[in-house]
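The structure under discussion appears below in the form of C-alpha cells.
The values are calculated or read from the model by the stated rules, or taken from the named source; none is laboratory data. For clarity, every value in this text was computed on a predicted model and none was experimentally measured. Using ideal geometry, Cβ is built from the backbone for each residue, glycine included, and neighbour counts are taken over all protein chains shown.
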Amino acid sequence: MTPIAELQTADYAIINTLRLRFAEDAVNVQQTRTGMPVLWVAREKLIEILRFLREVPQPYSMLYDLHGVDERLRVQRSGLPDADFSVFYHLLSIERNSDVLIKVALSENDLNLPSATGIWPNANWYEREVWDMFGISFDGHPHLSRILMPPTWQGHPLRKDYPARATEFDPFALSQAKREIEEEAARFNPEAWGMRRHGENEDYMFLNLGPNHPSAHGAFRIILQLDGEEILDCVPDIGYHHRGAEKMAERQSWHSFIPYTDRIDYLGGVMNNLPYVLAVEKLAGIKVPDRVDVIRVMLAEFFRITSHLLFLGTYIQDVGAMTPVFFTFTDRQRAYKVIEAITGFRLHPAWYRIGGVAHDLPRGWDALVKEFVDWLPRRLDEYEKAALQNSILKGRTIGVAAYNTKEALAWGVTGAGLRATGCNFDLRKARPYSGYQHFDFEVPLAVNGDAYDRCIVRVEEMRQSIRIIEQCLKNMPEGPYKADHPLTTPPPKERTLQHIETLITHFLQVSWGPVMPANEAFQMIEATKGANSYYLFSDGGTMSYRTRIRTPSYAHLQQIPSVIRGQMVADLIAYLGSIDFVMADVDR
C-alpha cells in the first residue's frame, strides 16, 4: 500500500485541518494508491464535513464524482471500517490543485444518507445514479428517481447479488400489456418536476427533443417547457444508451477489459485506454519505459484531433452550414490513415496494454506522422477564415449559453467547457501524467464561456496537439515498448519462444489474467471532452472488484437546464453542439 508519506503537502494540510475541526477520531485515513487522501467519516458528520470543505479557504469547489460500492463480498478489508455498502465523494480544489475522497460506511438494513444537493447542485444526478444502481436513498433529494434504468426497472444492477449476464435472466418477452406499461412510464409528467402547465395568460407547450433526433447528438431526450420559442425550463433524460460498462468490468480480467474502455467515449479511441491502464499500473507498481510514454502521448493526441475535427464539422452544421463537415471528415481520414498504420485499427484500436502498448511502431511511421503534422495547420487556418469568422456562425453562438467559472465548477464542468470561462486548468499541465511535463505546449483559454468560445478553444487545442505530436516525432526515445514486469500483459512474444517461465506467464495472463494486489488506484486524464478517470478496486484477484468510470459528458449534460433557461429553442441546438458529447460517454 502507498504510505501516507507520499501524499502532497496540501493533502497533509487538509487532513490536519479536518482533525482539528472535527476531533482526531472523526476522520480515519485509508492508505491507497489513489494519490489523494481517502478519509472515512461518520454519517452524522458527513454534511457538516462536506460543507466545511466547500467553504474552507481555497475551497473544494467541485464535486468531481459521487458513487457507491457494494462491500459485502470484499475479502481484503484490513484497516477498513465494517460496511455492507459505502458511498464516496470525490472533491476537487482548483486553487490547491489537489483532491480529497470522503467515504461513508452503511449497513444493509439502513441505506440512507442526507443529500448533498444543497452544497453542490451536480450532486443531483450522482445521487440518483447511486440510488438507481445500489438502492441507497438520499434524504432531501429534490427528485430521487431512476436515471440510467427505465422507471419500471426492478432491482439495483451494481449490487453484487444482481446478475451480470443476460443469460442469467429469464428470456425477454415484450407483450402488448408490457409495451403499454413501458410507454406510459415514459410519458412526461410536468407536475412531477415542479413545472406548471399554464401561466396567467397562456398555456405552456411541452416539446420532446429526442431521444432519436439529429440535433440531440445520440439517444438523448430533453423535454422543453416553452412559452412560444422561449425555454422556461427543461429536463434532460438519459439512459437510452446504457450498456453497463462498470458491471462488465466485474467479470472481465484486468487485461480483457481494455477493449470495453474504447467504447465509452467512442470517438476517443486509445485516449480511453489511457486512464484505465495507468490506474492498473498503479495497482501493479509498473513503471513503463520512456518510449511507451511518448508513444501513448502521440496516439492520444491524434485521437484528440480526430474527436475535435468531428466536433467542429457537426457543430458548424448544427448552426446552419453544410460544407465544412465534409472537409473535417476528410481530414479525419488522414489522421486515421496514420492511426491504422501504427495500431492496425481505426476507431477502436484497444491498443494500449498494461505496462506498454500492443507492439512497437512500424517502419515508416515517422514519414506518415510528418505528412499529417505538415498538412493540418494550413487546414485549420482555412476553417478559421471560412467558418469561424463567418457572421452567421458568430451571430448564432456569441453570447449564447454562457456561464462563468464559478458556475462551471459548481456543475462539475471540465475540459474546453471550463477553459472557455478563463479557468486555466488542464490536467496535462496541472497534474502531468505519461510524461506530459516534458512537452512544450500552451493551454488555450477564452473569457466569455459561451458557445462560440467553447468552439475556438477546441480549434486551438488541435494546434497544440500538433505541437505535441511533432515533439514526439522528433524526440521518440529508443527502448522497449513494454515494461519488464511480471504483470505486464501480455509479455513480449519473442521472449515466450525462449523462456518456459515467460511462456507459462503468457498463457496464464491471456487465459486467466494477471492477479493484481489488493488495493485501490485512481487515474484522471485530460480526455477529448474533459476530465475522464478510472477508480479501480482490487480484492487481490484477476478481475476488478469495482470499477468506477467518471466521464465528463455526464456532468456537462446535467448542467443544461441552469444554462439554457430563458433562451430560445435555436440557442439550445447551438448549445448542445458546443458541449461536444456522445451518449456512450454519458450512459456508460
Handout entry: Leading residue by the ranking (nearest to the chain's Cα centre (by Cα)) among those in segment 539-558 that are among the small types (Gly, Ala, Ser) and surrounded by 24 or more Cβ atoms within 10 Å (Cβ to Cβ)
Key = Ser553
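Can you list the strands (runs of 3 or more DSSP E) lying wholly within segment 15-108 that have 3 or more residues being touching an Asp or Glu at 6+ places or on another chain (Cβ under 8 Å)? Show your work before the answer.
Values: elements: 27-30, 38-41, 62-70, 85-93, 98-106.
Correct list: 62-70, 85-93, 98-106.
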Exercise for the section: Only residues in segment 297-321 that are not assigned by TED's automatic domain parsing to the domain that holds Met462 count as the first member; pair them with residues that are among the aromatic types (Phe, Trp, Tyr) and in a helix (DSSP H, G or I), Cβ under 8 angstrom, at least 6 apart or cross-chain, and list the lot. Expected result: none
Exercise for the section: Just give me the residues in segment 194-239 being within 21 Å of the chain's Cα centre (by Cα) and at pLDDT below 90, in sequence order. Expected result: Ala216, His217, Gly218, Ala219
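I want to confirm something. Restricting to segment 486-516 and keeping residues that are aliphatic (A, V, I, L, M) and closer than 21 Å to Val292 by Cβ, which single residue is surrounded by the fewest Cβ atoms within 10 Å (Cβ to Cβ)?
Step one: list which residues in segment 486-516 are aliphatic (A, V, I, L, M), which gives 487, 497, 500, 503-504, 508, 510, 515-516.
Retained after the next criterion (residues that are closer than 21 Å to Val292 by Cβ): 487, 510, 516.
Values: Leu487: 22, Val510: 15, Met516: 25.
Among those residues, the one meeting the criterion is Val510.
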Practice task
Please name all residue pairs, on different chains or six or more residues apart, with Cβ atoms under 6 Å, provided the first residue is in segment 74-95 and is over 30 Å from Ser61 (Cα atoms) and the second residue is surrounded by fewer than 20 Cβ atoms within 10 Å (Cβ to Cβ).
Solution key: Arg74/Asp539; Val75/Asp539; Gln76/Ala518; Gln76/Asp539; Gln76/Gly540
Handout entry: Identity of the residue in segment 195-238, out of contact with any Pro (no Cβ under 9 Å at 6 or more places or on another chain) and of a type in the set (Asp, Glu), that ends up surrounded by the fewest Cβ atoms within 10 Å (Cβ to Cβ)
Key = Glu200
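So in segment 213-249, with the set limited to residues that are among the β-branched types (Val, Ile, Thr) and assigned to a strand (DSSP E or B), which one is farthest from Ile147 (Cα to Cα)?
Per the stated criteria, the residue is Ile231.
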Completion exercise
Filtering segment 173-210 down to residues that are in contact with a strand residue (DSSP E or B) (Cβ under 7 Å, 6 or more places away or on another chain) and aliphatic (A, V, I, L, M) yields Met195, Met205, Leu207, Leu209
Exercise for the section: Working only within segment 94-118, note down all residues that are surrounded by fewer than 21 Cβ atoms within 10 Å (Cβ to Cβ) and within 20 Å of Leu418 (Cα to Cα). Expected result: Ile94, Glu95, Arg96, Asn97
Exercise for the section: Can you tell me which residue among Ser107, Ser175, Ser145 is out of contact with any Lys or Arg (no Cβ under 6 Å at 6 or more places or on another chain), of a type in the set (S, T, N, Q) and in contact (Cβ under 8 Å) with a residue 24 or more places away in the chain? Expected result: Ser107
